[in-house]
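For reference, the structure I am asking about is given below.
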Amino acid sequence: MRARGRSRHGRRKLSAATDPRTEAAASSQTAAPPQPDHDCPLCPRLVDFREVWRAKEPDWHNAPVRTFMPLGGPDAVQLLIVGLAPGVRGANRTGRPFTGDYAGDLLYATLAKYGFANDRFAARPDDGLELHRTAVMNAVRCVPPENKPLPVEINTCRQFLTPTLTGLRNLRVVVTLGRIAHDSTLRALGVKLKDAPFRHDGRHDVAGLRIASSYHCSRYNTNTGVLTTEMFERVFAGVAEYLD
Ligand code: SF4
C-alpha cells in the first residue's frame, strides 16, 4: 500500500499545514468517520419527510444512513464511493447505502467484478456482502422528497462527508456518482469546481486524491441510456488499474 504523498500518478501534494489528511496519517490509528445521530435534526424538511415515513412504515430504517465500511475498518479504505442520497425504498428502507433499489444492483455487481466486493449482494443488509478496501456513502444521509435534496441540505450534510474524506488516511480514490456528489466532494476538499469539472469517466488528481466521476447508476439513467453497464464498468476498470 503506497503511503500518501508518494504516488507515481502526479497527485498534488498539500503542505502539512494545509492538509487535514496529514493529521490522520500521523496518528497510529484512524478513528471511524463520524456518523450523524439516528435522529439528526439539522435539516427540518428532511426530518419532516423522515417522520412521515416512520409513521407509514415503522419497520423501515427511516433515519440517516451510515457509511458502509469494509472488512478492516477505516485503515483498509483506499476507495470511497460517494452517491447522492438514500432512495425512499432503498437505503431509507434497509439502512445500508445502495441496498434495496436498482442502483445497488449495478453498483455492487460492478464492485464485485473489479474485486472491490464479494459477490454476495442480495439487496438485504444481512446478505453477506463484504466490501474490499472500499467504503460506500451518500453526500446526503437522509432521504429527500423526489430524490432531490436542496442546496442547503447538501451543504449541511457535508459536515459528515468532509471528515470522512480527510480522516481516511489510506484513501486514494473517490468515485463520485453524479454531479451533486461530485461538487459536494470537491467543496469538502476545498477544491474549486472549475478545477475538476464533472463529466462521465472524468479523472482529476486534486487535494492528494484521484477523483473519478460517473453518471449516477440510477434506474432512470440506465433506462434512458444515459449510462450503460459498459460505461459504468469503464470507470471502475480505470480505478482498479490506478490502485493496482
Ligand atoms: S441530511 Fe445529514 S445533516 Fe441533514 S438531517 Fe440528515 S443526517 Fe442530518
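The values are calculated or read from the model by the stated rules, or taken from the named source; none is laboratory data. Every value quoted in this text rests on a predicted model; they were computed, and no experiment measured them. Cβ atoms come from the backbone with ideal geometry, glycine included; neighbour counts cover every protein chain shown.
Please specify each residue of the range 7-66 satisfying the condition of being basic (K, R) and at pLDDT 90 or above.
Matches in the range 7-66: R45, R50, R54, K56, R66.
Moving to a separate point now. Scan the range 184-222 for residues that are among the basic types (K, R), without any contact (Cβ under 8 Å) to a residue 12 or more places away in the chain and either assigned to a loop (DSSP other than H, G, I, E, B) or at positive phi (or both) and jot them down. Before you say what the answer is, go through the steps one by one.
Restricting attention to the range 184-222, the residues satisfying the condition of being among the basic types (K, R) are 187, 192, 194, 199, 203, 210, 219.
When the remaining residues are screened for being without any contact (Cβ under 8 Å) to a residue 12 or more places away in the chain, the result is 192, 194.
K192 - this is the single residue of the range 184-222 that is among the basic types (K, R), without any contact (Cβ under 8 Å) to a residue 12 or more places away in the chain and either assigned to a loop (DSSP other than H, G, I, E, B) or at positive phi (or both).
Another question, if that's okay. With the requirement that a residue be touching a residue at least 40 places away in the same chain (Cβ under 8 Å) and among the hydroxyl-bearing types (S, T, Y), what does the range 223-241 give you?
Here is the first cut: in the range 223-241, the residues touching a residue at least 40 places away in the same chain (Cβ under 8 Å) are 229, 232-233, 235-237, 239-240.
Within the range 223-241, just T229 meets the criteria.
List, please: which pairs have Cβ atoms under 6 Å, are six or more places apart or on different chains, and start with a residue in the range 33-45 that is hydrophobic (A, V, I, L, M, F, W, C) and end with one that is near the ligand (Cβ under 6 Å from one of its atoms)?
Close Cβ pairs (under 6 Å, with a partner that is near the ligand (Cβ under 6 Å from one of its atoms)) amount to C40/P64; L42/T156; C43/E153; C43/T156.
Among the residues of the range 104-136, write down those that are among the aliphatic types (A, V, I, L, M) and either surrounded by fewer than 23 Cβ atoms within 10 Å (Cβ to Cβ) or over 18 Å from V174 (Cα atoms) (or both).
Here is the first cut: in the range 104-136, the ones among the aliphatic types (A, V, I, L, M) are 106-107, 109, 111-112, 117, 122-123, 129, 131, 135-136.
Result: L106, A109, A112, A122, A123, L129, L131.
Just need a number here: residues in the range 167-183 that are more than 15 Å from G73 (Cα to Cα), in a helix (DSSP H, G or I) and either over 12 Å from the mean Cα position of the chain (by Cα) or not hydrophobic (A, V, I, L, M, F, W, C) (or both). Talk me through it step by step, then tell me what you get.
First pass over the range 167-183, keeping only residues more than 15 Å from G73 (Cα to Cα): 172-183.
Narrowing the set further to residues that are in a helix (DSSP H, G or I) leaves 179-183.
Those left that are additionally either over 12 Å from the mean Cα position of the chain (by Cα) or not hydrophobic (A, V, I, L, M, F, W, C) (or both): 179, 182-183.
Residues meeting the conditions: 3.
Okay, next question. Spot the failing condition for P86; the list is (1) in a strand (DSSP E or B); (2) within 16 Å of the ligand (Cβ to nearest atom), and only one is missed.
Exception for P86: condition (1).
On to the next question. If you take the residues in the range 100-147 that are closer than 27 Å to Y242 by Cα and polar (S, T, N, Q), which one is nearest to the ligand (Cβ to nearest atom)? Let's see the steps before the verdict.
Of the residues in the range 100-147, the ones closer than 27 Å to Y242 by Cα are 103-121, 129-139.
Now narrow it down to the ones that are polar (S, T, N, Q): 110, 118, 134, 138.
Values: T110: 26, N118: 28, T134: 22, N138: 9 Å.
Going through the qualifying residues, I end up with N138.
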